[in-house]
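The structure appears below as C-alpha coordinates.
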Amino acid sequence: MLPIMVNTNHLPVLIVGAGKVAARRARILWENGAQLTVVAPKLGKAMGKLLLEDIEAHPEGAHRIRYLGRSFDSTDVRGFALILAHATESVNEKVALASAKYAKLCLVGGVPEHSGFWMMAHENIQASERLNTLLSEVDNSDASTPELTVAVSSHGYPKRSRAVLNTLSDYIQNY
(Lines give C-alpha, C1' and ligand atoms only; values in the text may rest on other atoms or scores of the structure.)
Protein backbone atom coordinates (compact mmCIF):
# COMPACT_ATOMS: atom_id res chain seq x y z
CA MET A 1 0.00 0.00 0.00
CA LEU A 2 1.10 3.53 -0.77
CA PRO A 3 0.44 6.04 2.03
CA ILE A 4 -1.14 9.15 0.54
CA MET A 5 -3.27 12.02 1.76
CA VAL A 6 -6.44 12.68 -0.21
CA ASN A 7 -8.19 16.01 -0.46
CA THR A 8 -11.74 14.92 0.33
CA ASN A 9 -13.27 18.38 0.03
CA HIS A 10 -16.29 17.92 -2.29
CA LEU A 11 -15.15 14.35 -3.08
CA PRO A 12 -18.12 12.07 -3.89
CA VAL A 13 -18.01 9.06 -1.55
CA LEU A 14 -20.41 6.12 -1.37
CA ILE A 15 -20.89 4.35 1.95
CA VAL A 16 -22.80 1.08 1.89
CA GLY A 17 -24.10 0.30 5.35
CA ALA A 18 -25.23 2.57 8.16
CA GLY A 19 -24.00 0.92 11.36
CA LYS A 20 -21.46 2.13 13.93
CA VAL A 21 -18.31 1.64 11.85
CA ALA A 22 -19.91 3.15 8.74
CA ALA A 23 -21.02 6.14 10.83
CA ARG A 24 -17.55 6.61 12.31
CA ARG A 25 -15.97 6.60 8.86
CA ALA A 26 -18.72 8.83 7.49
CA ARG A 27 -18.10 11.38 10.24
CA ILE A 28 -14.38 11.58 9.41
CA LEU A 29 -15.13 12.07 5.73
CA TRP A 30 -17.94 14.57 6.41
CA GLU A 31 -15.73 16.61 8.74
CA ASN A 32 -13.20 16.75 5.92
CA GLY A 33 -15.66 18.06 3.35
CA ALA A 34 -16.68 14.93 1.43
CA GLN A 35 -20.04 14.64 -0.32
CA LEU A 36 -21.52 11.43 1.08
CA THR A 37 -24.18 9.08 -0.16
CA VAL A 38 -25.21 6.37 2.28
CA VAL A 39 -27.02 3.30 0.97
CA ALA A 40 -28.60 1.00 3.56
CA PRO A 41 -32.06 -0.42 4.19
CA LYS A 42 -31.92 0.71 7.83
CA LEU A 43 -30.30 3.71 9.43
CA GLY A 44 -28.22 3.10 12.57
CA LYS A 45 -28.43 5.49 15.52
CA ALA A 46 -24.97 7.04 15.03
CA MET A 47 -25.53 7.54 11.29
CA GLY A 48 -28.94 9.09 12.00
CA LYS A 49 -27.31 11.52 14.41
CA LEU A 50 -24.75 12.49 11.75
CA LEU A 51 -27.53 13.07 9.20
CA LEU A 52 -29.27 15.40 11.65
CA GLU A 53 -26.00 17.26 12.27
CA ASP A 54 -25.61 17.71 8.52
CA ILE A 55 -29.14 19.12 8.22
CA GLU A 56 -28.49 21.52 11.11
CA ALA A 57 -25.11 22.57 9.69
CA HIS A 58 -26.65 23.31 6.28
CA PRO A 59 -30.15 24.68 6.90
CA GLU A 60 -30.24 26.27 3.45
CA GLY A 61 -30.48 22.78 1.96
CA ALA A 62 -26.92 22.25 0.70
CA HIS A 63 -26.62 19.02 2.66
CA ARG A 64 -23.48 16.95 2.23
CA ILE A 65 -25.01 13.63 3.21
CA ARG A 66 -27.67 11.90 1.16
CA TYR A 67 -29.35 8.81 2.59
CA LEU A 68 -30.91 6.20 0.30
CA GLY A 69 -32.99 3.84 2.43
CA ARG A 70 -32.72 0.77 0.24
CA SER A 71 -30.50 -2.18 -0.62
CA PHE A 72 -27.28 -1.80 -2.60
CA ASP A 73 -27.39 -2.06 -6.39
CA SER A 74 -24.18 -2.74 -8.33
CA THR A 75 -24.66 0.42 -10.42
CA ASP A 76 -24.60 2.53 -7.24
CA VAL A 77 -20.79 2.75 -7.41
CA ARG A 78 -20.83 4.81 -10.61
CA GLY A 79 -20.01 8.46 -10.08
CA PHE A 80 -18.10 8.02 -6.83
CA ALA A 81 -14.38 8.46 -6.23
CA LEU A 82 -14.25 6.26 -3.12
CA ILE A 83 -16.47 3.42 -1.96
CA LEU A 84 -16.72 2.12 1.61
CA ALA A 85 -18.46 -1.22 2.23
CA HIS A 86 -19.61 -1.60 5.84
CA ALA A 87 -22.63 -3.84 5.51
CA THR A 88 -23.04 -7.62 5.77
CA GLU A 89 -20.36 -9.90 4.37
CA SER A 90 -22.48 -10.81 1.34
CA VAL A 91 -23.33 -7.17 0.57
CA ASN A 92 -19.71 -6.13 1.06
CA GLU A 93 -18.68 -8.79 -1.47
CA LYS A 94 -21.16 -7.38 -4.01
CA VAL A 95 -19.85 -3.86 -3.37
CA ALA A 96 -16.25 -5.04 -3.87
CA LEU A 97 -17.12 -6.79 -7.15
CA ALA A 98 -19.04 -3.78 -8.49
CA SER A 99 -16.20 -1.46 -7.48
CA ALA A 100 -13.69 -3.64 -9.31
CA LYS A 101 -15.92 -3.74 -12.41
CA TYR A 102 -16.05 0.06 -12.53
CA ALA A 103 -12.39 0.53 -11.46
CA LYS A 104 -13.28 2.25 -8.17
CA LEU A 105 -11.21 2.26 -4.99
CA CYS A 106 -13.12 0.33 -2.35
CA LEU A 107 -12.56 -0.21 1.35
CA VAL A 108 -14.16 -3.48 2.43
CA GLY A 109 -14.76 -3.27 6.17
CA GLY A 110 -12.93 -5.93 8.13
CA VAL A 111 -11.22 -7.37 5.06
CA PRO A 112 -8.13 -5.28 4.33
CA GLU A 113 -6.74 -7.88 1.91
CA HIS A 114 -9.75 -7.26 -0.37
CA SER A 115 -9.60 -3.47 -0.05
CA GLY A 116 -8.08 -1.07 -2.56
CA PHE A 117 -7.42 1.37 0.29
CA TRP A 118 -7.94 1.75 3.99
CA MET A 119 -8.15 4.69 6.30
CA MET A 120 -5.13 5.23 8.50
CA ALA A 121 -5.38 6.19 12.14
CA HIS A 122 -4.55 9.88 12.09
CA GLU A 123 -4.59 12.99 14.19
CA ASN A 124 -3.97 16.66 13.58
CA ILE A 125 -1.74 17.89 16.38
CA GLN A 126 -0.16 21.15 17.40
CA ALA A 127 3.60 21.26 17.00
CA SER A 128 5.49 22.39 20.08
CA GLU A 129 7.63 25.52 19.92
CA ARG A 130 10.75 23.38 20.16
CA LEU A 131 9.61 21.21 17.24
CA ASN A 132 8.76 24.30 15.18
CA THR A 133 12.30 25.55 15.76
CA LEU A 134 13.71 22.20 14.62
CA LEU A 135 11.50 22.17 11.53
CA SER A 136 12.46 25.72 10.56
CA GLU A 137 16.12 24.65 10.66
CA VAL A 138 15.36 21.83 8.21
CA ASP A 139 14.39 24.17 5.40
CA ASN A 140 16.06 27.37 6.65
CA SER A 141 12.78 29.22 6.98
CA ASP A 142 11.08 31.11 9.73
CA ALA A 143 7.72 29.62 8.77
CA SER A 144 5.81 28.06 11.62
CA THR A 145 4.16 24.66 11.30
CA PRO A 146 1.26 25.09 13.69
CA GLU A 147 -0.35 21.78 12.85
CA LEU A 148 0.97 18.41 11.79
CA THR A 149 -0.99 15.42 10.54
CA VAL A 150 0.38 12.21 11.98
CA ALA A 151 -0.88 8.99 10.42
CA VAL A 152 -0.15 5.36 11.20
CA SER A 153 -1.06 2.12 9.50
CA SER A 154 -0.54 -1.36 10.85
CA HIS A 155 -1.91 -2.88 7.64
CA GLY A 156 -5.44 -3.63 8.68
CA TYR A 157 -5.20 -3.65 12.48
CA PRO A 158 -6.82 -0.35 13.53
CA LYS A 159 -6.44 -0.83 17.30
CA ARG A 160 -2.68 -1.29 16.88
CA SER A 161 -2.52 1.77 14.67
CA ARG A 162 -4.42 3.87 17.20
CA ALA A 163 -2.08 2.76 20.03
CA VAL A 164 1.03 3.71 18.05
CA LEU A 165 -0.58 6.98 16.95
CA ASN A 166 -1.40 7.96 20.52
CA THR A 167 2.20 7.31 21.58
CA LEU A 168 3.62 9.32 18.67
CA SER A 169 1.18 12.19 19.18
CA ASP A 170 2.06 12.46 22.86
CA TYR A 171 5.76 12.43 22.02
CA ILE A 172 5.44 15.11 19.32
CA GLN A 173 3.25 17.40 21.40
CA ASN A 174 5.65 17.19 24.32
CA TYR A 175 8.89 17.29 22.33
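Taken over the stretch 7-18, residues that are open to solvent by 20 Å² or more (accessible area, probe 1.4 Å), over 10 Å from residue 29 (Cβ atoms) and assigned to a loop (DSSP other than H, G, I, E, B) amount to 3. Specify the residue that is least open to solvent (accessible area, probe 1.4 Å); the eligible residues are those in the stretch 71-81 that are more than 22 Å from residue 27 (Cβ to Cβ) and of a type outside the set (Gly, Ala, Ser). That would be 75.
Among the residues of the stretch 94-105, those identified as open to solvent by 40 Å² or more (accessible area, probe 1.4 Å) and either among the β-branched types (Val, Ile, Thr) or without any contact (Cβ under 8 Å) to a residue 12 or more places away in the chain (or both) are 100, 103.
Picking from residues in the stretch 32-42 that are open to solvent by 20 Å² or more (accessible area, probe 1.4 Å) and modelled with pLDDT of 95 or more, the one that is nearest to the chain's Cα centre (by Cα) is 35.
Determine whether residue 121 is open to solvent by less than 20 Å² (accessible area, probe 1.4 Å) and either of a type in the set (Gly, Ala, Ser) or out of contact with any Ser or Thr (no Cβ under 9 Å at 6 or more places or on another chain) (or both). Yes; evaluated as a whole, the condition is true for this residue. Take residue 168 and tell me if it is more than 25 Å from residue 24 (Cα to Cα), free of Cβ contacts under 8 Å to residues at least 60 places away in the same chain and not in a loop (DSSP other than H, G, I, E, B). When the stated conditions are applied, residue 168 does not pass them. Within the stretch 130-154, being modelled with pLDDT of 80 or more, open to solvent by 100 Å² or more (accessible area, probe 1.4 Å) and not charged (D, E, K, R) holds for one residue alone: 138. Of all residues in the stretch 43-67, those that are free of Cβ contacts under 8 Å to residues at least 40 places away in the same chain and either open to solvent by 40 Å² or more (accessible area, probe 1.4 Å) or at positive phi (or both) total 16.
The values are calculated or read from the model by the stated rules, or taken from the named source; none is laboratory data. Given the structure is predicted, the values throughout are model-derived calculations rather than measurements. Virtual Cβ from ideal backbone geometry, glycine too; neighbours counted across all protein chains shown. The accessibility values were calculated without ligands, DNA or RNA, using every heavy atom of the protein model including side chains. Shrake-Rupley method; radii C 1.70, N 1.55, O 1.52, S 1.80 Å.
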